[in-house]
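Student: Before we start, here is the structure in question, set down as C-alpha cells.
Each reported figure results from applying straightforward, stated rules to the coordinates on display, with no laboratory input. Quick caveat, the model's predicted, so the values are computed rather than measured. Here the Cβ is made from the backbone with ideal geometry for all residues, glycine too, and neighbour counts use every protein chain on show.
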Amino acid sequence: MPRVTFRSALQEVVAEVPEGTSLLDAAEKVGGQVGHSCGGVCACSTCHVWVRKGLESLSEQDDMELDRLDLAYDVKPQSRLACQAKVGSDDLEVWITEESLKAFMDENPNVRRALEAEGKWPPKKFA
Ligand code: FES
C-alpha cells in the first residue's frame, strides 16, 4: 500500500492506505492535523495541503476543487484539497498548510489548549 507522510510545523505522521483513499481520510487514520470545517464535501478549503512528492499520482482535480481552491490562502502548483485528492499507487509527502493547521486547532480546542500549555502553539514558523 502507498505510504502518505504528513508534515507540518508540529508533527510528522505516516499513513499506509489503499489506493483511492482521500488524503483527508489518510490523515485522520493517523491523527494528521488537517482541518476540515465542511466535513469533506468541498465547501470550505480548510483542508488545503501542498503535495511535495507524488503529486502526479493523485486523482485529477475537477472544476469544483479548482473553484474551491481559489478561496484558499497561499495556493501553489502543488496545492490540493485533502478531501478531494485520492491516493494513487505512489508514496506521497504532504505538507499541512498554515491555513489547514489553524483550522484544525479551531476545530479541536482541547488539542490547541494542550499545545498552548506546553508552549508549542502557535509554532514559531508554519512552513
Ligand atoms: S474539508 Fe472542506 S473543502 Fe475539504
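Student: Going through the stretch 12-37 one residue at a time, which ones are closer than 16 Å to residue 104 by Cα and in contact (Cβ under 8 Å) with a residue 40 or more places away in the chain?
Tutor: Our first condition is that a residue be closer than 16 Å to residue 104 by Cα; within the stretch 12-37, this holds for 12-13, 23-37.
The answer is 23, 24, 26, 27, 32, 33, 34, 35, 36, 37.
Each row is one residue, and each column tells you yes or no for (1) among the β-branched types (Val, Ile, Thr); (2) touching a strand residue (DSSP E or B) at 6+ places or on another chain (Cβ under 7 Å).
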position: 70; (1), (2): no, no
position: 79; (1), (2): no, yes
position: 94; (1), (2): yes, yes
position: 109; (1), (2): no, no
position: 113; (1), (2): no, no
position: 123; (1), (2): no, no
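Student: Consider the stretch 11-47. How many of its residues are within 11 Å of the ligand (Cβ to nearest atom), part of a loop (DSSP other than H, G, I, E, B) and of a type in the set (S, T, N, Q)?
Tutor: Counting residues in the stretch 11-47 that are within 11 Å of the ligand (Cβ to nearest atom), part of a loop (DSSP other than H, G, I, E, B) and of a type in the set (S, T, N, Q) gives 3.
Student: As an exercise: evaluate residue 57 against (1) in contact with a strand residue (DSSP E or B) (Cβ under 6 Å, 6 or more places away or on another chain); (2) more than 14 Å from the ligand (Cβ to nearest atom); (3) hydroxyl-bearing (Ser, Thr, Tyr) and give the number of the one condition it does not meet.
Tutor: (1)
Student: Within the stretch 70-77, is there a residue that is farther than 24 Å from residue 18 by Cα, among the β-branched types (Val, Ile, Thr) and in contact with a His (Cβ under 9 Å, 6 or more places away or on another chain)? Reasoning before the result, please.
Tutor: To start, the set of residues in the stretch 70-77 that are farther than 24 Å from residue 18 by Cα comprises 70-77.
The next check asks that each one be among the β-branched types (Val, Ile, Thr); those that pass are 75.
So of that shortlist, the ones also in contact with a His (Cβ under 9 Å, 6 or more places away or on another chain) come out as 75.
Yes, the stretch 70-77 has at least one match.
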